[in-house]
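S.K.: Before I ask anything, let me first share the structure, which is written out below as structure tokens.
The values are calculated or read from the model by the stated rules, or taken from the named source; none is laboratory data. Just so you know, these numbers come straight off a predicted model, no measurement behind them. Don't worry about glycine lacking a Cβ; one is built from the backbone with ideal geometry, like all the others, and counts go over all protein chains shown.
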Amino acid sequence: MLNCIDNSGAAIVECVAVMRKKTRHASIGDRIIVVVQKQRSFGPENAGGSSVGIANKVRRGDIRHAVVVRAKKEVQRKDGSLIRFDDNACVLINKNGDPIGTRLSSIVGSELRDKKWSKILSLAPMHV
Amino acid sequence: MPPTPSNLLAVPLPPPFLLPRSLLRKPLAGCSQKRTFGIKSIEPQPKHNPYNVVSGIKPLLSSQAAAYERRIKSDTLPLRTGALAIKKGMTAIYDVETGKRIPCTVLQLDRNEVVSHKTRKQHGYYAVCVGSGSVNPKNVAKPMLGHFSVQGVSPKRHLQEFRVRGRDGLLPVGEEIRANWFMEGQFVDTRSNCKGKGFAGPMKRWGFHGQDRSHGQSLSHRSHGSLGQGQGGGSRVYPGKKMAGNMGGQRNTVQNLKVLQTDPENGIVVVNGAVSGPKGCVVLIQDALKKPWPQVPDAPKPSEVNAEL
Amino acid sequence: MSQPLASRLSTCCWRSFCAEMRPQRQFHRSMVTLQRGPVQKLDVPSDLPAQLLPQFPERYRPGRNRRDIVVHPSPRSEAETCKDPVGLVENRQLSVLDPTGARARLFDKANPDRAKVGDVLLTTFKSGEPVSGVIMVIKGSGPHTSVLLRNQLTTIGMEMSIKVHSPLVQSMEIAQRTPKRKRRARLYYLRKPEHDVGSVQKVVDQYLRQRAMLTGGKNARQGGTFRSRKGKK
């Protein structure tokens, strides 16, 4: 179960597979396949009128690709430092690797840059 | 026209070391061997040649000499000798440009000297016997003490042979091997005895998966399963079957470790990564087999010194 | 007298008669041993005829060049010169990474003004991005010292363990000292929601503002947020 932090309409998704990895564990920057478990209620945003269509991009039960952007398990960097977040979070992408949502709500790990997810990185408000 | 000796010799023969000795002693033309009588040691009679030596035959492949040739051809013998070091511990160093943290092992060379040589002529192969450390002469056996005395080196705590490819690799006896024998950036192989693990089960020793926690298992959660087939497989356990037993404490080679720092003054060689064994164990360092041989700037050429070997 | 002896001879065998005589013989032998004395080794005479020499063991024959065992002196010992090679390698690393020793002093246990757990630490990387947080743990020693910082960014808790002597770290400053000495060495309880200090961004901003005032606004470039606030003032 991961939080989905973009405005694609999914709030909580469940990981069903990790792509291109022999192990069953994903870390920051890994592409996974998820099932949307909970939709985001876009009450305030609907009132704004800007993202009415966005809320319909994914629905509950959809199977989508996603990229892990935060992980509870610490990730080691090359200078020996570690980074660890308090939750697991991902961003939904389509089959081509472009993000479905247009905005991200919270920080992402900067390991995304090493794994060529700079599009997601540019959407994020902050990265550490 | 009957074959003359000069004609016969013109036929391409295998290299002389592949030919049996009886052939070398007498020319081929001397097939009509002279029979002699009397004391054999004074006038040795030609032995019966067990080989089918005729012109144009392929050289034997199962002889020691052929095996040596193959070894030379396969390029699996280092050009230079190695050194003996003591593992002092592990630390990490930073690459200042990239900020990368590199785990490394600190090894220390102590009074490494060439004690003796093994030569192809005398022993069948080329090797350099290197000694390191020092030992109280009181605790050295007389034959070894005599050996050190003759070679002109101090009694050594550890002695080890390092095979080299040819005569060029024989460093002169008494030559000291310092830490700058290894160059920064080159790759080395290290050999040492790994830590003993005692009597280990098959899961730890061989990575078996063990058996179920439940489903009716009794007293066999970490044991191996079947040892082999029944009637079809010969109804026996094959030699070398992986089972529980003593683990560790054996010679282990770690290949292709990069040399990060050397300090000849203090005998320090810092290599990238881990080296088997506890702190204080003896580690054999030699040029890596699976990398190109290092380019030594002023390679000592001891061949002139040991021309008589 | 001869009568009893004759009767004894007739009744006993010769063996018993010999047994009677034996003590005398033993006494005789011991006398000889006493007179013999220590054995003296003699050198092989040098003017011995050559045909006799093969009767001697080889080591006794004259002309044999017996070499004495010489214990050669050992060369200078590297192990004696350097007793602690690992420490030496680490110290060399430190002298490269931290030439002034300021970073090491910041975490030196003998220093009363050192950084302690609970302090708010502001770290700037060479890439320019600052990372700040409350020190949860100070781990390791020498070049391996690391601090674990905890912070909240966009309401998401984040922990980062930073190697103090990493060449990627530009600077480390204490933004705020802990008001009360912490009674734990490791503040892992900060992970619990009821103890979490939350975001330290305000503390860091205030510190940056103060520092800029002290240094005359030279370091005002440190944070964009600071400059905007200064403008408001």
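S.K.: Filter the stretch A:90-128 down to the residues that are over 19 Å from A:Lys57 (Cβ atoms), loosely packed, with under 14 Cβ neighbours inside 10 Å and of a type in the set (Val, Ile, Thr) and list them by number.
M.R.: Matches in the stretch A:90-128: none.
S.K.: Here are the criteria: (1) out of contact with any strand residue (DSSP E or B) (no Cβ under 6 Å at 6 or more places or on another chain); (2) modelled with pLDDT of 70 or more. Tell me which single one B:Pro15 does not satisfy.
M.R.: (2)
S.K.: Working carefully through the options C:Arg76, C:Arg103, C:Arg61, find the one that is at pLDDT 90 or above, on the phi < 0 side of the Ramachandran plot, surrounded by 13 or more Cβ atoms within 10 Å (Cβ to Cβ) and not aliphatic (A, V, I, L, M).
M.R.: Only one candidate qualifies: C:Arg103.
S.K.: Next question, about the same structure. Any residue at all in the stretch B:100-113 that is free of Cβ contacts under 8 Å to residues at least 12 places away in the same chain and within 14 Å of chain A (Cβ to nearest Cβ)?
M.R.: Yes, because at least one residue in the stretch B:100-113 is free of Cβ contacts under 8 Å to residues at least 12 places away in the same chain and within 14 Å of chain A (Cβ to nearest Cβ).
S.K.: Residue check, B:Met243 against (1) more than 27 Å from the chain's Cα centre (by Cα); (2) closer than 30 Å to B:Gly89 by Cα; (3) not aromatic (Phe, Trp, Tyr), all met but one. Which one?
M.R.: Failed condition: (2).
S.K.: Restricting attention to the stretch A:59-76, does a residue exist that is free of Cβ contacts under 8 Å to residues at least 12 places away in the same chain, within 14 Å of chain C (Cβ to nearest Cβ) and of a type outside the set (Gly, Ala, Ser)?
M.R.: Yes.
S.K.: Suppose the filter is modelled with pLDDT under 85, out of contact with any Pro (no Cβ under 6 Å at 6 or more places or on another chain) and among the charged types (D, E, K, R); does A:Arg64 pass it?
M.R.: no
S.K.: Could you list all residues from the stretch A:73-87 that are buried (at least 19 other Cβ atoms within 10 Å of the Cβ) and part of a loop (DSSP other than H, G, I, E, B)?
M.R.: A:Arg77, A:Asp79, A:Gly80, A:Ser81
S.K.: Looking at the stretch B:235-273 only, could you name the residues that are part of a loop (DSSP other than H, G, I, E, B), more than 14 Å from chain C (Cβ to nearest Cβ) and either within 30 Å of C:Ser77 (Cβ to Cβ) or touching a residue at least 24 places away in the same chain (Cβ under 8 Å) (or both)?
M.R.: Correct list: B:Lys242, B:Met243, B:Ala244, B:Gly249, B:Gln250, B:Gly273.
S.K.: Here is a list: C:Val89, C:Val71. Which entry is in a helix (DSSP H, G or I), at the interface with chain B (Cβ under 8 Å from one of its Cβ atoms) and at pLDDT 90 or above?
M.R.: Just a single option satisfies the conditions, and that option is C:Val89.
S.K.: Can you tell me which residues in the stretch A:98-128 are assigned to a loop (DSSP other than H, G, I, E, B), free of Cβ contacts under 8 Å to residues at least 60 places away in the same chain and over 14 Å from A:Arg70 (Cα atoms)?
M.R.: A:Asp98, A:Lys116 - these are the residues of the stretch A:98-128 that are assigned to a loop (DSSP other than H, G, I, E, B), free of Cβ contacts under 8 Å to residues at least 60 places away in the same chain and over 14 Å from A:Arg70 (Cα atoms).
S.K.: Taking only the stretch C:137-147 into account, find how many residues are crowded, with 23+ Cβ neighbours inside 10 Å and hydrophobic (A, V, I, L, M, F, W, C).
M.R.: Of the residues in that region, 1 qualify.
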